[in-house]
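Right, one structure below, let's go through it.
The values are calculated or read from the model by the stated rules, or taken from the named source; none is laboratory data. Since the model is a prediction, treat every value here as computed from it, not as a measurement. Cβ: placed from backbone, ideal geometry, glycine included. Neighbour counts: every protein chain shown.
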Amino acid sequence: MTFRRCMALSMLVTLLMLLAACGASRPSAAPAAAGATAAPPASPTMGVDQGSMQGTAAAPMTSATAGMDHGGMQMGDSNAPYDAQFIDSMIAHHQGAIDMANQALKEASKPELKALAQSIVTAQQSEIKQMQEWRKAWYPDLASTAGMGMDMGDMQISADTSKPFDQRFIEAMIAHHQGAIMMAKEAQQKAEHAEIKTLAGAIITAQEGEIAQMQQWRKAWFGQ
């Protein structure tokens, strides 16, 4: 055997030994179970509550929640006739004024406030009676509505005894009157019955005048 053949044979033997060693060191994969599929790679968001990832992409507010009561706001009833909604709201609003005025008749110290309170009771009781008659005549079969969906203002006198009762009454009644004026101005634009528009005008005139008077008293008596 020549020297070249010896060298070639030696290299072949060495190569075969290396291949055998590589095959022995490689682990064999376990056979997959019948019908099993490989699991997908884990997602970086897997296991995270998808609802918590919505952030600002929450569902938009629906009409069912848009008219809900928030801080003095009543729920509106778009299916009811507007005039019925106005009547139901204004009756409730007037009753709030009467309750506060009756409290002032007992607790106010200023005779001017007691006179105003009596005027409010007399006028608004009469208007409630008129509105009740209209509602019975115009909507005899209509159940109570949810009202106009507007801010009514204060509906009771503050219990903060750090202020004199007369000051608390003035502050509450001014805010209360402002709520009535806002509702009445809307009614002048939207009411179907001329009687409602006439009543709305009378409410605006009377209560704007009473607000101006109470503001003068508040400044004179309490420096505000």
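Inspect all residues belonging to segment 80-90 and state whether any of them is part of a loop (DSSP other than H, G, I, E, B) and in contact with a Ser or Thr (Cβ under 9 Å, 6 or more places away or on another chain). Yes, the conditions are met somewhere in segment 80-90. Inspect segment 165-187 for any residue being in a loop (DSSP other than H, G, I, E, B), under 27 Å from residue 107 (Cβ atoms) and of a type outside the set (S, T, N, Q) and give the result as yes or no. Looking through segment 165-187, none of the residues is in a loop (DSSP other than H, G, I, E, B), under 27 Å from residue 107 (Cβ atoms) and of a type outside the set (S, T, N, Q).
The set of residues in segment 139-164 that are touching a helix residue (DSSP H, G or I) at 6+ places or on another chain (Cβ under 7 Å), over 16 Å from residue 106 (Cα atoms) and either in a helix (DSSP H, G or I) or not small (Gly, Ala, Ser) (or both) comprises 139, 142, 145, 148, 150, 151, 152, 154, 155, 160.
Yes/no matrix, rows are residues, columns are (1) modelled with pLDDT of 95 or more; (2) among the hydrophobic types (A, V, I, L, M, F, W, C):
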{"residue": "54", "(1), (2)": "no, no"}
{"residue": "82", "(1), (2)": "yes, no"}
{"residue": "125", "(1), (2)": "yes, no"}
{"residue": "131", "(1), (2)": "yes, yes"}
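The set of residues in segment 156-201 being more than 19 Å from residue 121 (Cα to Cα) and among the acidic types (Asp, Glu) consists of 160, 186, 192, 195. Checking every residue in segment 186-207 against the condition of being modelled with pLDDT of 95 or more, farther than 27 Å from residue 129 by Cβ and either of a type in the set (Phe, Trp, Tyr) or out of contact with any helix residue (DSSP H, G or I) (no Cβ under 8 Å at 6 or more places or on another chain) (or both) gives zero matches. Is one or more of the residues making up segment 198-215 in a helix (DSSP H, G or I) and of a type in the set (Ser, Thr, Tyr)? Looking through segment 198-215, at least one residue is in a helix (DSSP H, G or I) and of a type in the set (Ser, Thr, Tyr).
Per-residue answers, yes or no, for (1) of a type outside the set (Ser, Thr, Tyr); (2) surrounded by 19 or more Cβ atoms within 10 Å (Cβ to Cβ); (3) in contact (Cβ under 8 Å) with a residue 40 or more places away in the chain:
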{"residue": "83", "(1), (2), (3)": "yes, yes, yes"}
{"residue": "95", "(1), (2), (3)": "yes, no, no"}
{"residue": "100", "(1), (2), (3)": "yes, yes, yes"}
{"residue": "103", "(1), (2), (3)": "yes, no, yes"}
{"residue": "108", "(1), (2), (3)": "yes, yes, yes"}
{"residue": "122", "(1), (2), (3)": "no, no, no"}
{"residue": "129", "(1), (2), (3)": "yes, no, no"}
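Of the residues 201, 147, 153, 179, the single one that is touching a residue at least 40 places away in the same chain (Cβ under 8 Å) and either farther than 22 Å from residue 102 by Cα or among the β-branched types (Val, Ile, Thr) (or both) is 147. Annotation: residue 192 fulfils all but one of (1) more than 28 Å from the chain's Cα centre (by Cα); (2) among the acidic types (Asp, Glu); (3) closer than 18 Å to residue 99 by Cα; the unmet one is (3).
Filtering segment 131-143 to residues that are surrounded by 15 or more Cβ atoms within 10 Å (Cβ to Cβ) and more than 19 Å from residue 185 (Cα to Cα) leaves 134, 135, 138, 139.
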